[in-house]
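**Q** This is the structure I want to talk about, given as structure tokens.
The values are calculated or read from the model by the stated rules, or taken from the named source; none is laboratory data. On a predicted model such as this, the values are computed, not experimentally measured, just so you know. Backbone-built Cβ (ideal geometry, glycine too); neighbour counts: all protein chains shown.
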Amino acid sequence: MNEPLLKVRDLVKRFAIKGGWLGRAVEQVHAVDGVSFDLPAGETLGVVGESGCGKSTTGRCILRLIEPTSGEVWFEGKSVTRAGKDELRALARDMQIIFQDPYASLNPRMTVGAIVGEALIIHKLTKTRQEFEARIVELLETVGLSPDHMRRYPHEFSGGQRQRIGIARALAVSPKLVVCDEAVSALDVSIQAQVINLLEDLQHKLKLTYIFIAHDLSVVEHISTRVAVMYLGRIVELAPARQIYTRPLHPYTEALLSAVPIPDPQIKRKRIMLQGDVPSPIRPPPGCHFHTRCPIAQFPLCSTVKPELKQSSDGHWVACHFRG
């Protein structure tokens, strides 16, 4: 079996909350709590869950945009978490990110050409001005924009066009892995479909591997090879996309799917209403983080023993004492 492109093991990220006169850390936010997975080349891993579950923090820790508290990340067999400054810069050519907000992620004082071409300058990927501009034109055309757009500024574009600029910027260094951090959540539904179709086309054309982060299961359904469902910093279910949508095992996944609208009025889906709110990541519940809202929880097992993510069938992993 081929070595996966990306390996993540026991990734943990905690943010200190400081207080008092001396500004000492008084508490910690448990943003990511022991995330592990493998990602083969050419696949798309959809990462879904409610706001605050640690999806974006996981993606940024993998790229070392945020320093992880502990855990290991390997890319093509090279350690990302132990990489020095020079090694990290080299790895940055292979791992890029598309940010969530197309209005905040582009510098309003830079032209589109300067934004897209910045990475070409940093990594010294072009030798002449003509080669530099030709590469920018090629990138803009790749994402469906006009060469004339390189002289314009971000405020002159719509949200969907701005996200295309962000995609072109990520592709400038010819990466192998792209983290799409809620890349379509700020866009209208019709524009979401266009951007997702563009990402799928680029994946086939450029042989890209994606981590596609979203809070809506319906968004990742068609683009994902596999889906990881996160709750309070942990992966509670990981399976091929078709299995997640047709045979979910974890009660939390079932609740998320019950909220996804079905276009066929003849099909009725029973809505699962979870009781209570998501617990605070500052003081996550002991044992299974989901036990305070779970309809099948049994005590004291669920409230004291952490369920391990275990394989129930071929490629289907679930963290539940009673499922799998």
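**Q** So, M230, is that one crowded, with 19+ Cβ neighbours inside 10 Å and more than 29 Å from E50 (Cα to Cα) or not? Before the answer, list the steps.
**A** Numbers: crowded, with 19+ Cβ neighbours inside 10 Å: yes; more than 29 Å from E50 (Cα to Cα): no.
No.
**Q** As an exercise: evaluate P147 against (1) in contact (Cβ under 8 Å) with a residue 40 or more places away in the chain; (2) over 21 Å from E200 (Cβ atoms); (3) in contact with an Asp or Glu (Cβ under 9 Å, 6 or more places away or on another chain); (4) of a type outside the set (D, E) and give the number of the one condition it does not meet.
**A** Just one mismatch for P147, condition (1).
**Q** Ok, one more. With the condition being within 30 Å of V178 (Cβ to Cβ), of a type in the set (S, T, N, Q) and touching a residue at least 40 places away in the same chain (Cβ under 8 Å), I'd like the helices (runs of 4 or more DSSP H) fully within the range 214-324 carrying at least 1 qualifying residues. Before the answer, list the steps.
**A** Numbers: elements: 217-220, 241-246, 251-258, 301-304.
Qualifying helices (runs of 4 or more DSSP H): 217-220, 241-246.
**Q** Given the conditions (1) assigned to a helix (DSSP H, G or I); (2) in contact (Cβ under 8 Å) with a residue 40 or more places away in the chain; (3) more than 18 Å from A183 (Cβ to Cβ), which single one is not true for L88?
**A** (2)
**Q** Residues being among the β-branched types (V, I, T) and surrounded by 14 or more Cβ atoms within 10 Å (Cβ to Cβ): count how many of those fall in the range 301-324. First the steps, then the outcome.
**A** First pass over the range 301-324, keeping only residues among the β-branched types (V, I, T): 304-305, 318.
Restricting the remaining residues to those that are surrounded by 14 or more Cβ atoms within 10 Å (Cβ to Cβ) gives 318.
Number of matching residues: 1.
**Q** Okay, next question. Of all residues in the range 208-220, count the ones that are more than 14 Å from the chain's Cα centre (by Cα) and at pLDDT below 95. Steps first, please.
**A** Filtering the range 208-220 for residues more than 14 Å from the chain's Cα centre (by Cα) gives 208, 218.
Narrowing further to those that are at pLDDT below 95: 218.
Of the residues in the range 208-220, 1 are more than 14 Å from the chain's Cα centre (by Cα) and at pLDDT below 95.
**Q** On to the next question. Out of the residues in the range 156-200 meeting the condition of being touching a Pro at 6+ places or on another chain (Cβ under 9 Å) and assigned to a helix (DSSP H, G or I), tell me which one is surrounded by the most Cβ atoms within 10 Å (Cβ to Cβ).
**A** The extreme case among them is Q163.
**Q** Of everything in the range 101-144 that's among the hydroxyl-bearing types (S, T, Y) and free of Cβ contacts under 8 Å to residues at least 40 places away in the same chain, which residue is surrounded by the fewest Cβ atoms within 10 Å (Cβ to Cβ)?
**A** We begin by selecting, within the range 101-144, every residue among the hydroxyl-bearing types (S, T, Y); these are 103, 105, 111, 126, 128, 142.
In the following step, the residues that additionally are free of Cβ contacts under 8 Å to residues at least 40 places away in the same chain were identified as 126, 128.
On the way: T126: 17, T128: 8.
That would be T128.
**Q** Sticking with this structure for a sec: Being out of contact with any Ser or Thr (no Cβ under 6 Å at 6 or more places or on another chain) and touching a residue at least 40 places away in the same chain (Cβ under 8 Å) is the filter here; which residues of the range 69-85 pass it?
**A** From the range 69-85, those out of contact with any Ser or Thr (no Cβ under 6 Å at 6 or more places or on another chain) are 69-71, 74-85; that's our starting set.
Within the range 69-85, T69, S70, G71, W74, F75, E76, G77 qualify.
**Q** Ok, one more. Can you tell me which residues in the range 109-155 are modelled with pLDDT under 95, closer than 27 Å to T57 by Cα and part of a loop (DSSP other than H, G, I, E, B)?
**A** Residue satisfying the conditions is H123 alone.
**Q** For the range 155-182, which residues satisfy the criterion of being at positive phi and among the charged types (D, E, K, R)? Step through it out loud before you land on a result.
**A** Residues of the range 155-182 at positive phi: 174, 182.
Once the filter is applied, which keeps residues that are at positive phi and among the charged types (D, E, K, R), the range 155-182 yields only E182.
**Q** Any residue at all in the range 236-245 that's at pLDDT below 95, of a type in the set (S, T, Y), surrounded by 15 or more Cβ atoms within 10 Å (Cβ to Cβ) and at negative phi?
**A** yes
**Q** Being under 30 Å from Y245 (Cβ atoms), under 14 Å from the mean Cα position of the chain (by Cα) and outside any strand (DSSP E or B) is the requirement here; does R60 meet it? Give the steps one after another, and end with the answer.
**A** Numbers: under 30 Å from Y245 (Cβ atoms): yes; under 14 Å from the mean Cα position of the chain (by Cα): yes; outside any strand (DSSP E or B): yes.
It is true that R60 is under 30 Å from Y245 (Cβ atoms), under 14 Å from the mean Cα position of the chain (by Cα) and outside any strand (DSSP E or B).
**Q** Now a separate question. Conditions first: (1) under 24 Å from F132 (Cα atoms); (2) without any contact (Cβ under 8 Å) to a residue 40 or more places away in the chain; (3) β-branched (V, I, T). I98 passes all but one, so which condition is the exception?
**A** Only one criterion is unmet by I98, namely (2).
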